[in-house]
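The values are calculated or read from the model by the stated rules, or taken from the named source; none is laboratory data. What you are looking at is a predicted structure, and each value in this text was computed from that prediction instead of being measured. Positions of Cβ are generated from backbone atoms using ideal geometry, with glycine treated the same way; all protein chains shown enter the neighbour counts.
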Amino acid sequence: MKIALFFEHRDIGASGSYVERALRALGHTVTHFRKSNVADARGQDLYFRMEDGEFGYRFSREQHPVIYWTMDTHLDYPRKKVLEEAPQYDFIFACHQSGEKLLRKRGHRVKWLPVACEPEVHGRVNVPPAYTVASIGKEEGIPRKFFLQEVRERYNPTFIKKAHFSQMQSVYSASKIGFNQAINRDINMRVYEVMCAGAMLLTSEVEDDSYEKLGFIDRKHLVIFHSPKELFELLDYYLSHDSEREAIAEAGCRLAHEKHTYRHRMQTLLSKLKAEGIVRDNSPSHICS
């Protein structure tokens, strides 16, 4: 199948690039376009827009079928823009269940499709242990910034700061625990980045049953905290119980690689489009190993 894939920032650590590699691995011909050259995309079997913080895409009647994978409906401004642009799409995939419900309520054809991991970028590497706790990303937001500061003060050595995506593998692989505090009680990319690298994920609760639907079992594949008090109790416990922590980390890593890569997500996406009659693909079947 010939697929036009639209996203702005084409580097190895961008979600659009993960999708591009996954689709090619599944045997499809993928051509990358940016917002500035949308009109150049012609003669494709599928027009696929990845959300990456850019809005204002406009597709013509000839560019059909056109789909959209939206990532940020949990944030006010992106949600507003997504709702404005949604009517032009034949089908939408929403990263969060709340986004799926909102778009369906507005009458759009939509399916929940969470983000995933990219083993090439996030996978475990053989590095010596270096950190008790790691969290790569922004420290803004309450209570995240307070949690991170307390973790930094209590559990040295830590790695808690922004970093280039190329550091994720080595940092999380060298860490006992990867910490995640989501902005809006949702499953974010850090969940998969930590698990894929083989650190034990300690993460905040979510507002729905997303963990259960994804097959993530608390205290088996990851550890979920529900309050500040429990957060630090769990950190103290798992940093002093190596075998339990390592077993959870290993189970989480294995599940991430076996069921939650971008290749898995693209298989789900294409299967849904076929079931809905949006695309027909006569290419050979590719099974994800």
Unmet requirement for Tyr192, which otherwise passes all of (1) within 24 Å of His96 (Cβ to Cβ); (2) modelled with pLDDT under 95: (2)
Residues in the stretch 154-182 that are closer than 24 Å to Glu244 by Cα and either part of a strand (DSSP E or B) or over 22 Å from the mean Cα position of the chain (by Cα) (or both) total 13
Of the criteria (1) closer than 25 Å to Ala197 by Cα; (2) of a type outside the set (Gly, Ala, Ser); (3) not assigned by TED's automatic domain parsing to the domain that holds Ser210, which one Glu150 fails: (3)
Output the number of residues of the stretch 249-275 satisfying the condition of being surrounded by 22 or more Cβ atoms within 10 Å (Cβ to Cβ) and either farther than 30 Å from Asp90 by Cβ or in contact with a Gly (Cβ under 8 Å, 6 or more places away or on another chain) (or both). 4
Please verify whether Tyr57 is in the same structural domain as His108 (by TED's automatic domain parsing), surrounded by 22 or more Cβ atoms within 10 Å (Cβ to Cβ) and under 29 Å from Asp186 (Cα atoms), treating the condition exactly as stated. no
Which one is nearest to Leu269 (Cα to Cα), of the residues in the stretch 91-107 that are in contact with a strand residue (DSSP E or B) (Cβ under 7 Å, 6 or more places away or on another chain) and not small (Gly, Ala, Ser)? Phe93
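Residue by residue, here is whether (1) modelled with pLDDT of 95 or more; (2) not assigned by TED's automatic domain parsing to the domain that holds Asp90 holds:
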site	(1), (2)
Trp112	yes, no
Arg144	no, yes
Pro157	yes, yes
Ile160	yes, yes
Ser170	yes, yes
Ala174	yes, yes
If I filter the stretch 61-101 down to residues being of a type in the set (Lys, Arg) and more than 19 Å from the chain's Cα centre (by Cα), which single residue comes out as surrounded by the fewest Cβ atoms within 10 Å (Cβ to Cβ)? Arg61
Restricting the first residue to the stretch 225-241 and requiring it to be at negative phi, which pairs with a second residue that is part of a helix (DSSP H, G or I) and among the β-branched types (Val, Ile, Thr) meet a Cβ separation below 9 Å and a spacing of at least six or different chains? Leu231/Val151; Phe232/Val151; Leu235/Val151; Tyr238/Ile248
Please go through the stretch 151-161 and give me each residue that is farther than 15 Å from Gly178 by Cβ and either touching a Cys at 6+ places or on another chain (Cβ under 8 Å) or free of Cβ contacts under 8 Å to residues at least 40 places away in the same chain (or both), ordered by number. Glu153, Asn156
Against the conditions (1) exposed (fewer than 14 other Cβ atoms within 10 Å of the Cβ); (2) out of contact with any helix residue (DSSP H, G or I) (no Cβ under 7 Å at 6 or more places or on another chain); (3) hydrophobic (A, V, I, L, M, F, W, C), where does Ile12 fall short? Just the number, please. (2)
I'd like the full set of residues that are at negative phi and surrounded by fewer than 15 Cβ atoms within 10 Å (Cβ to Cβ), limited to the stretch 131-159. Lys138, Glu140, Ile142, Pro143, Lys145, Phe146, Gln149, Glu153, Arg154, Asn156, Pro157
Within the stretch 183-229, of all residues that are outside any loop (DSSP other than H, G, I, E, B) and among the charged types (D, E, K, R), the one farthest from Ala14 (Cα to Cα) is Lys229
Lone unmet requirement of (1) aliphatic (A, V, I, L, M); (2) at pLDDT 95 or above; (3) in a loop (DSSP other than H, G, I, E, B) for Val30: (3)
